[in-house]
Ligand code: SAM
């Protein structure tokens with residue numbers, strides 16, 4: 001078992017398989033010339049398998065593939081197949097923008113993927129073009145249907161909410177859960193990235209979201225979808241799916257944090273925010289051996305910060321050194 005210096009058990013690894021993305025969401029990536037890593041910096045499939053095997057030997061059992069957009073990494077189903085066979089990995093999931101999911105959902109399921117989270121911020125095609133700047137809403141909707149059809153369940157939809165961007169669509173997203181087993185989670189915009197989009201005024205109070213998504217009752221523990229995250233879950237009367245709220249800034253959930261992140265270029269990042277990171281790629285490429293890698297991982301996790309300091313940085317949001325695509329959200 002892996003524990004950090006504060007006694008939190010770490011059992012969940014978010015693994016960025018590429019920092020490249022086929023979208024340029026306004027709050028995440030600049031439209032022109034995002035600073036993607038050179039291809040040679042990215043971990044190969046063999047390197048990812050070696051690192052995940054080391055994490056699994058230390059008790060990490062839940063792996064989420066993220067990015068960038070993981071489905072733009074060539075050969076992702078083959079990597080999924082290899083990761084799903086690692087002893088100790090018992091929950092392998094994927095975060096995707098859904099644009100390419102229609103063509104991959106069944107193949108990924110057959111390769112051993114358990115479930116997907118699909119990011120989608122609007123149900124309006126013209127607005128999609130403004131927010132995501134590339135891609136097409138219809139492809140994402142097909143991706144959602146394909147995920148349901150392939151039983152990549154629970155299928156969660158992640159909606160980043162921002163005032164003036166999509167805060168009038170909370171009711172429409174909530175209504176999606178009425179007929180289909182979709183689990184819609186509204187996510188607070190965070191002061192990350194270099195797009196200059198974030199501002200404190202963009203934040204939508206939880207109370208406003210709750211009233212737009214109404215009628216809601218708290219979901220019982222049995223009704224909540226499988227997952228390891230910090231959402232608070234509700235259900236509309238008679239609905240097939242659930243509605244969750246994830247407020248990284250307003251309701252600190254760092255005390256229960258169970259996760260670390262591995263960037264596409266092999267840096268172990270103990271906290272979503274902050275500057276700490278431990279390079280695992282260099283020792284890996286120097287054939288340092290599994291014991292050295294495990295010692296580095298243990299040491300990085302021991303030093304995991306107690307909490308992020310995003311609230312303190314609200315006044316200077318662009319001061320964040322991180323951008324979501326390199327660390328995988
Ligand atoms: N491409 C995949 C996807 O779309 O899910 C995985 C990577 S994406 C960076 C992961 C998540 O981070 C997405 O749901 C995205 O909306 C979210 N995200 C990016 N920037 C954010 C920000 N500043 N605040 C809150 N969420 C953000």
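Using helices alone, what [θ] at 222 nm do you get for the chain, with -39,500 (n - 2.57) per DSSP H run of 4 or more residues, divided over all residues and rounded to the nearest 500? Working shown, then result.
Working: 10 runs with 90 residues, N = 329.
It lands at -7500 deg cm²/dmol.
Along the Cα→Cβ direction, 7 angstrom out, place labels at residue 1 and residue 45. What is the inter-label distance in nm?
3.6
Taking the Cα atoms of region 2-327 alone, what are Rg (to one decimal) and Dmax (as a whole number) in Å?
Rg then Dmax for region 2-327, in Å: 18.9, 57.
Using only Cα atoms, tell me the angle between helix 137-149 and the longest principal axis of the chain; keep it within 0 to 90° and round to the nearest 10.
The answer is roughly 70 degrees.
With axes computed from alpha carbons, what is the tilt in degrees of helix 45-57 against the longest principal axis of the chain, rounded to the nearest 10 within 0 to 90?
90
Using a Gaussian network model of the chain whose springs link C-alpha atoms within less than 10 Å, name the residue from 109, 156, 130 with the highest mean-square fluctuation.
130
Can you sort 197, 186 by how many other beta carbons sit within 10 Å, fewest first? Walk me through the intermediate numbers first.
On the way: 197 19, 186 26.
Going from least to most buried by this count: 197, 186.
Counting only C-alpha contacts under 8 Å and six or more residues apart, can you give the relative contact order of region 2-327 as a whole percent?
Values: 673 pairs, mean separation 72.7, N = 326.
Relative contact order, region 2-327: 22 percent.
Between residue 133 and residue 85, what FRET efficiency follows from the Cβ-Cβ distance if R0 is 30 Å, with the result rounded to 0.05?
Working: r = 37 Å, r/R0 = 1.25.
That pair, residue 133 with residue 85, gives E of 0.20.
When the chain is treated as a GNM, springs tying every alpha-carbon pair under 10 Å, which of 107, 222, 11 comes out with the largest mean-square fluctuation?
Sorting by GNM fluctuation, first place goes to 222.
In nm, to one decimal, how far is the residue 145 label point from the residue 294 one, both placed 7 Å along Cα→Cβ?
The modelled label-to-label distance comes out at 4.8 nm.
Using label points projected 7 Å from each Cα along Cα→Cβ, tell me how many nm separate residue 124 and residue 302, to one decimal.
It is 5.4 nm.
Compute the length gained on full extension between residue 175 and residue 214: take 0.36 nm times their separation in residues and subtract their Cα-Cα distance, giving the result in nm to one decimal. Provide the component values of the computation, followed by the final result.
On the way: separation 39, 0.36 × 39 = 14.04 nm, distance 0.95 nm.
Roughly 13.1 nm would be gained on extension.
Just so you know, all these numbers are worked out from the coordinates, no wet-lab data involved. Predicted model only: the values in this text are computed from it and were never measured. Using ideal geometry, Cβ is built from the backbone for each residue, glycine included, and neighbour counts are taken over all protein chains shown.
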